[in-house]
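The values are calculated or read from the model by the stated rules, or taken from the named source; none is laboratory data. Not measured: the values here are computed from a predicted model. Backbone-built Cβ (ideal geometry, glycine too); neighbour counts: all protein chains shown.
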Amino acid sequence: MSTRHFLTLNDLSPQELQEVVQRAIELKRMQYEGELYEPFKNQVMAMIFEKASTRTRVSFEAGMAQFGGHAMFLSPRDTQLGRGEPISDSARVISSMVDIVMIRTFSHAVVEEFARHSSVPVINALTDEFHPCQLLADMQTFAEQRGSIQGKTVAWIGDGNNMCSSYINAACQFDFQLNVACPEGFEPDAELVQANADRVKVLRDPVEAVKDASLVVTDVWASMGQEEEQQQREQAFAGYQVSPALMDRAAEEAIFMHCLPAHRGEEISEDMLDDPRSVAFDEAENRLHAQKALIEFLLTR
């Protein structure tokens, strides 16, 4: 049986994704009730970080520990990856010594190349193109808060970045409609939009985008590696801030999500995270439970 990887949401079927989300909810319940569940004793996850992280590192490392296993943190300073060793060689060596690998890096081609030469499952914990692990947590959070997202409308407000791309994949895999509101020049990948044209609309007006939306989502205007564009992006995204007033234009049952960290006063108003419709901190916690469900899925298939 071939090794399963999780590089984008499309690596699992819609049924498998639903299975992971429901298992995440169950693992969360078990954790809250103090139920000891250690199916992966003596198993090791290699965590390769080329980008800084808070939620990703804490959630994966805590998850493996709770499973009875061990997570090994590797930065470019710690490995030959940062000194020019071919990715294929590193993949062969690292995967021969561990049971699963998590990579957070810049180029999506890096995780694809690593996975091609890895003998164990590889998880994309974020690239410049996609952030599928965050979407698992988001879909878990919506399921807990509002039930099935199938047939609902989701509004993405802001940059057409890696999170937006993963929301486009999610629209197909979880069967919802996605409205993307972004300024000209900051649209999501055109090929990805075209491939999902039956369920994705790119708009300019945030108010139009949130109309009838059951979920409103945003992200920082300048992601890691774009700091030099901060001032230019602040000007371009003026008018794309998510606030309680914008949420009032969405569906009555709408909730708000942000993958964090948030820049209060920029992509969100100062008070948005404290609004009762915000579930951003539940969403952040669910990175732990959703990724535990993903690890279990990949290590038992």
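Identify all residues within the range 95-123 that are hydroxyl-bearing (Ser, Thr, Tyr) and not in a helix (DSSP H, G or I); write none if there are none.
Those that are hydroxyl-bearing (Ser, Thr, Tyr) and not in a helix (DSSP H, G or I): 96, 105, 107, 118, 119.
I'd like to check something: does the range 248-255 contain any residue that is more than 19 Å from residue 145 (Cβ to Cβ), surrounded by 15 or more Cβ atoms within 10 Å (Cβ to Cβ) and not assigned by TED's automatic domain parsing to the domain that holds residue 101?
For the range 248-255, residues more than 19 Å from residue 145 (Cβ to Cβ), surrounded by 15 or more Cβ atoms within 10 Å (Cβ to Cβ) and not assigned by TED's automatic domain parsing to the domain that holds residue 101: present.
Does the range 214-224 contain at least one residue that is within 23 Å of the chain's Cα centre (by Cα) and surrounded by fewer than 15 Cβ atoms within 10 Å (Cβ to Cβ)? Break it down stepwise before answering.
Taking the range 214-224 first, the residues within 23 Å of the chain's Cα centre (by Cα) are 214-224.
Filter once more, so that each one left must be surrounded by fewer than 15 Cβ atoms within 10 Å (Cβ to Cβ): 224.
For the range 214-224, residues within 23 Å of the chain's Cα centre (by Cα) and surrounded by fewer than 15 Cβ atoms within 10 Å (Cβ to Cβ): present.
Can you spot a residue in the range 52-69 that is touching a Ser or Thr at 6+ places or on another chain (Cβ under 8 Å), crowded, with 16+ Cβ neighbours inside 10 Å and at negative phi?
No: the range 52-69 contains no residue that is touching a Ser or Thr at 6+ places or on another chain (Cβ under 8 Å), crowded, with 16+ Cβ neighbours inside 10 Å and at negative phi.
Failed condition for residue 83, given (1) surrounded by 14 or more Cβ atoms within 10 Å (Cβ to Cβ); (2) among the basic types (Lys, Arg); (3) more than 22 Å from residue 165 (Cα to Cα); (4) at pLDDT below 95, with all others met?
With (1) surrounded by 14 or more Cβ atoms within 10 Å (Cβ to Cβ); (2) among the basic types (Lys, Arg); (3) more than 22 Å from residue 165 (Cα to Cα); (4) at pLDDT below 95 applied to residue 83, the lone miss is (1).
Given the residues 160, 151, which is the only one that is touching a Phe, Trp or Tyr at 6+ places or on another chain (Cβ under 6 Å) and either outside any helix (DSSP H, G or I) or surrounded by fewer than 23 Cβ atoms within 10 Å (Cβ to Cβ) (or both)? Let's see the steps before the verdict.
Values: 151 fails: touching a Phe, Trp or Tyr at 6+ places or on another chain (Cβ under 6 Å).
Exactly one of 160, 151 is touching a Phe, Trp or Tyr at 6+ places or on another chain (Cβ under 6 Å) and either outside any helix (DSSP H, G or I) or surrounded by fewer than 23 Cβ atoms within 10 Å (Cβ to Cβ) (or both), namely 160.
Please indicate, with yes or no, whether at least one residue in the range 124-131 is surrounded by fewer than 24 Cβ atoms within 10 Å (Cβ to Cβ), out of contact with any Cys (no Cβ under 6 Å at 6 or more places or on another chain), part of a loop (DSSP other than H, G, I, E, B) and without any contact (Cβ under 8 Å) to a residue 12 or more places away in the chain.
Scanning the range 124-131, I find no residue that is surrounded by fewer than 24 Cβ atoms within 10 Å (Cβ to Cβ), out of contact with any Cys (no Cβ under 6 Å at 6 or more places or on another chain), part of a loop (DSSP other than H, G, I, E, B) and without any contact (Cβ under 8 Å) to a residue 12 or more places away in the chain, so the answer is no.
Somewhere in the range 16-29, is a residue surrounded by fewer than 17 Cβ atoms within 10 Å (Cβ to Cβ) and over 30 Å from residue 143 (Cβ atoms)?
Checked the range 16-29: no residue is surrounded by fewer than 17 Cβ atoms within 10 Å (Cβ to Cβ) and over 30 Å from residue 143 (Cβ atoms).
Check 211, 201 and return the single one that is more than 22 Å from the chain's Cα centre (by Cα), surrounded by 13 or more Cβ atoms within 10 Å (Cβ to Cβ) and closer than 29 Å to residue 253 by Cα.
After applying the criteria, what remains is 211.
Quick check: is even one residue across the range 55-75 in contact with a strand residue (DSSP E or B) (Cβ under 8 Å, 6 or more places away or on another chain), basic (Lys, Arg), part of a helix (DSSP H, G or I) and at pLDDT 95 or above?
So far as the range 55-75 goes, yes, one or more of its residues are in contact with a strand residue (DSSP E or B) (Cβ under 8 Å, 6 or more places away or on another chain), basic (Lys, Arg), part of a helix (DSSP H, G or I) and at pLDDT 95 or above.
Need at least 1 residues that are within 30 Å of residue 40 (Cβ to Cβ) and among the hydrophobic types (A, V, I, L, M, F, W, C) per element, so show me which helices (runs of 4 or more DSSP H) inside the range 194-301 make the cut, counting only ones lying wholly within it. Working first, answer last.
Working: elements: 206-210, 230-236, 244-247, 280-299.
Because the criterion is at least 1 residues that are within 30 Å of residue 40 (Cβ to Cβ) and among the hydrophobic types (A, V, I, L, M, F, W, C), the helices (runs of 4 or more DSSP H) in the range 194-301 that meet it are 280-299.
Return yes or no: is residue 178 modelled with pLDDT of 95 or more, surrounded by 15 or more Cβ atoms within 10 Å (Cβ to Cβ) and in a loop (DSSP other than H, G, I, E, B)?
no
Among the numbered criteria (1) within 30 Å of residue 71 (Cα to Cα); (2) within 16 Å of the chain's Cα centre (by Cα); (3) among the aromatic types (Phe, Trp, Tyr), which single criterion is violated by residue 156?
In the conditions (1) within 30 Å of residue 71 (Cα to Cα); (2) within 16 Å of the chain's Cα centre (by Cα); (3) among the aromatic types (Phe, Trp, Tyr), residue 156 misses (1) alone.
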